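What follows is a short report on a single structure.
The values are calculated or read from the model by the stated rules, or taken from the named source; none is laboratory data. None of the values given here were measured: they were computed from a predicted structure. Cβ: placed from backbone, ideal geometry, glycine included. Neighbour counts: every protein chain shown. For accessibility, only protein heavy atoms count, side chains too; no ligands or nucleic acids. Shrake-Rupley method; radii C 1.70, N 1.55, O 1.52, S 1.80 Å.
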Amino acid sequence: MLFRSGFSLVELLLALALGMGLFGVILQALLAEGRNSGQLVRLLRERAFQRRSLDLVASDLRQATGISASPDLAEPACSLAGRTPVLQLETAAGPITYAFGRAPNAIWRAQVWMRCGPAHGLDGALNAGGTTPNRVVIDGLMATTAELLPSEGVLRLELVQQFSSGGREQRIRSQRLLDLTGLERL
């Protein structure tokens, strides 16, 4: 009876090749999972930015005394620099204009949605008599809509954003219906 000790060179090379193949498959799966996780994180972050932007409009709408049905005809509180007015709110502290258009400088992605009007205090109320800053609310937008539907008593807001994540283009859309007191309608 003959007993061999150890493995032959062919057996070792075959085991090494199978192990490397399995390692390659596992590595590819981990890299793909990392890309998918990165895309999901980016998507969730952009959705949070859109939600926060729409919350800001709802907060301003709760403090508004009037809404302009034709924001392009209303007088904004500051220069819009060629951006298109989308929503004009009248408040006791002064007018608030939301405008859509080109970014004020190169740090912003694509087109922006800007808010021009009285700043909020620490209590969330608008500061009357202060400066009227013109600030970017959200960037990377393809389109934005603020449609006043007087017959239904609602304001329909929509943001459409496109961005590149993990070498892939993603597009998200957020929409909110607010009654004219700033409360969300379902």
Say R0 is 25 Å: what FRET efficiency, to the nearest 0.05, do Glu147 and Val41 get from their beta-carbon distance?
0.20
Whole-Å distance linking the alpha carbon centroid of region 13-31 with that of region 111-130 is 57
Using the Cα centre of region 18-94 as origin and beta-carbon charges of +1 (Lys, Arg) and -1 (Asp, Glu), tell me which of Leu18, Ser59, Leu44 is placed farthest towards the positive end of the dipole.
Leu18
Note down, for the chain, the three equivalent ellipsoid semi-axes (square root of 5 times each alpha carbon gyration tensor eigenvalue), biggest first, whole angstrom.
56, 16, 14
Say R0 is 25 Å: what FRET efficiency, to the nearest 0.05, do Asp123 and Ala48 get from their beta-carbon distance?
0.60
Tally up the carbon and sulfur contribution to the accessible surface of region 1-55 as a whole percent, 1.4 Å probe, everything protein left in place.
73
Using a 1.4 Å probe and counting only protein heavy atoms, arrange Glu11, Glu152, Glu158, Glu46 so the residue with the most accessible area comes first.
Glu152, Glu11, Glu158, Glu46
Solvent exposure of the chain as accessible area per residue, Å², 1.4 Å probe:
61
At the level of C-alpha centres, the distance separating region 59-110 and region 150-183, in angstrom, is 16
May I ask you to rank Phe100, Phe23 by accessible area, largest first, using a 1.4 Å probe over the protein chains only?
Phe23, Phe100
Could you check the spin-label model distance between Ser70 and Asp55? Points 7 Å from the Cα along Cα→Cβ, value in nm.
3.6
